[in-house]
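Okay, so here's the structure we're looking at.
Bear in mind these aren't lab numbers, they're just calculated from the coordinates by the rules spelled out. What you are looking at is a predicted structure, and each value in this text was computed from that prediction instead of being measured. A quick note on method: Cβ atoms are made from the backbone with ideal geometry, for glycine too, and the neighbour counts reach across all protein chains shown.
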Amino acid sequence: MMLISRRSALQGLAAGALGLGALNLAGCGRKKDADLAGVTLRAATYRGNPDSFFEQAGVADTPYTLETAQFAGGNLIAEAINAHSLDVGGMSEIPPIFIAAANPLVRIIAVLQGDVNNQVVLVPKDSPLQTTADLKGKRVGYVRATTSQYMLLKILKEQGLTFADITPVALSPQDGLAAFNQGSLDAWVIYGVVVQLAREAGARVLTTGLHRLSGNYLVAASKDALADPLKRRAIGDYLQRYAKTLAWIEADYTRWARIRAQLTSIPEAAYIQEYRERSAGYRLLPISDAAIASQQDVADTFAAAGVIPAPVDVRPLWDDSLHEVLAKL
């Protein structure tokens, strides 16, 4: 399975490039659904995320052809859905906000709710910074147009500060880790297992996303795919398999950490540490008014800060046509 760049995500995936990780394993002992046998579902994955472990969890025997492609970020997934190149994929609350005003094909169909303690503000081990108020006047790294930027805006607002009161430095997670380790940043707002890698090198957690972030990650699908009855059924089946994979992870997280480490070359201990410190386990949930309100708050925060050019209404992005399936998980 290969990493999908912006160009390849938006050019020709529907014609076959998305078949890089095709899983047409319906003959593995489970009776095929004849109606779905001719369906091809194009799904996005992230390296090391639950959607990468269907085979290990024993749920890869889909009655339809499941074609998967690995993406580096939710923004690319949203763009690929909008370009008719993907049927379903996960992302944070943020990517749909940037295309909401353009009547996109993206429709949010489910909420993956989970950990917020893996989103943190890191400072060097010998840093004099002790509270978020100490960020004033400092060089603070963050990842543009992600939960990292949203969390930084929230933290600054708590202290009566804005981006004008710090020196904000927008960096990718990889570049941010290098800059942080080299001492080029006073603080770094970052997420995921890279947090543990930085901590192993001596970084200290100043604060986390607890009580600041919703923990909501979104599952989005193409409006066109949802309009196709058979493809909509396949998406519903895909969500059930995703939920079973989450249960498989919960049943033995050390096994999952070991397999995940083999897949990503990240130390197993880093994944175990992340798991043990999490604020909550992951649950796949139907859409709700609370989830919509949470995303609207993110959109309003970004509009007020000038991250997006104008306020947007996120409610039209949400689609509850798979509520019955999700309510049974």
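Structural remarks
- Restricting the stretch 257-329 to trypsin sites (Lys or Arg not before Pro) in coil, as DSSP defines it, with at most 13 other Cβ within 10 Å: LYS328
- Backbone N under 12 Å from the LEU210 label point (7 Å along Cα→Cβ), restricted to the stretch 264-291: 277-280
- Ordering GLN174, ASN216, SER279 by the projection of their Cα atoms onto the charge dipole of the stretch 141-281, which places +1 on the Cβ of Lys and Arg and -1 on the Cβ of Asp and Glu, puts ASN216 at the extreme positive end.
- Shape of the stretch 217-329 from the C-alpha gyration tensor: oblate (a/c of 1.5 or more and a/b not above b/c, with a ≥ b ≥ c the square roots of its eigenvalues).
- Once C-alpha pairs closer than 8 Å and six or more residues apart are averaged by separation and normalised to the residue number of the chain, the relative contact order reads 24 percent.
- Assuming charge only on the beta carbon of Lys and Arg (+1) and of Asp and Glu (-1), the dipole of the chain about its Cα centre is about 360 debye to the nearest 20.
- Under the simplified labelling scheme, the ALA72-ARG278 pair shows an inter-label distance of 2.6 nm, with each label point 7 Å from Cα along Cα→Cβ.
- Correct choice for semi-axes √(5λ) of the Cα gyration tensor in Å that was computed from the model, options (i) 32, 21, 20; (ii) 60, 21, 17; (iii) 34, 23, 17: (iii)
- Where both bridge residues fall in the chain, DSSP classifies roughly 60% of the beta bridges as antiparallel.
- For the residues ALA280, ALA69, ALA290, a GNM of the chain with alpha-carbon springs under 10 Å puts the largest fluctuation on ALA290.
- Inter-probe distance in nm under a simple model that places probes 7 Å from Cα toward Cβ, at ASP33 and ARG139: 5.4
- Approximating the spin labels as points 7 Å out from Cα along Cα→Cβ, the ALA179-to-THR254 distance works out to 3.9 nm.
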